[in-house]
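Reading through the structure tokens given below for one structure.
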Amino acid sequence: MSGRLRTDKFFDRNEVPRKVLMYLHNNYRKPKIYLTEMGRAMGLSVPYTYNLPTKLIRLGLITKTKEGRKVFIKLTEKGKAVAKKLKEIEDILQ
């Protein structure tokens, strides 16, 4: 399954792609979310942080933009919808 995100794992609270979506969803008021800032906040290694968006970009859930050496990411409309649904599911299960 290399290169593919197992969607059945989205509901696992420890699954990093789900955590990324929820981090972006919960920080939507920030004008820009820098990739390294998010990785640090989530306790992820730098190499893992830089490789993570590829899977989510392929699924159309986030976009990645470079400004000089800085990379920032944001949810797409599809990503916002998925994150919103995940949040609703989390709220129901709690």
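What follows draws every value from the coordinates through simple rules; no lab data is involved. These numbers come from a predicted model, not from an experiment. Don't worry about glycine lacking a Cβ; one is built from the backbone with ideal geometry, like all the others, and counts go over all protein chains shown.
Helix-only arithmetic for the chain: the sum of -39500 (n - 2.57) across DSSP H runs with n ≥ 4, divided by the residue total, places the mean residue ellipticity at 222 nm at -15000 deg cm²/dmol. Near the amide H of V71, within less than 5 Å, lie the amide hydrogens of L35, T36, all on another chain or at least 5 residues away, with H placed in the peptide plane. Applying 1/(1 + (r/R0)^6) with r as the Cβ-Cβ distance of N27 and R58 and R0 = 30 angstrom yields a FRET efficiency of 0.85. The stretch between T76 and I89 holds 2.7 nm of extra length on full extension. This uses 0.36 nm per residue minus the Cα-Cα distance.
Using θ = phi - 60° in the Karplus curve 6.51 cos²θ - 1.76 cosθ + 1.60, the 3J(HN,Hα) couplings for the stretch 40-56 round to 4, 4, 9, x, 9, 6, 4, x, 5, 4, 6, 8, 4, x, 3, 5, 6 Hz; x is entered for Gly and Pro. For the chain, the direction-averaged projected area of the alpha-carbon convex hull comes to 6.3 nm².
Under the criterion of Cα pairs below 8 Å and six or more residues apart, the relative contact order for the chain equals 28 percent.
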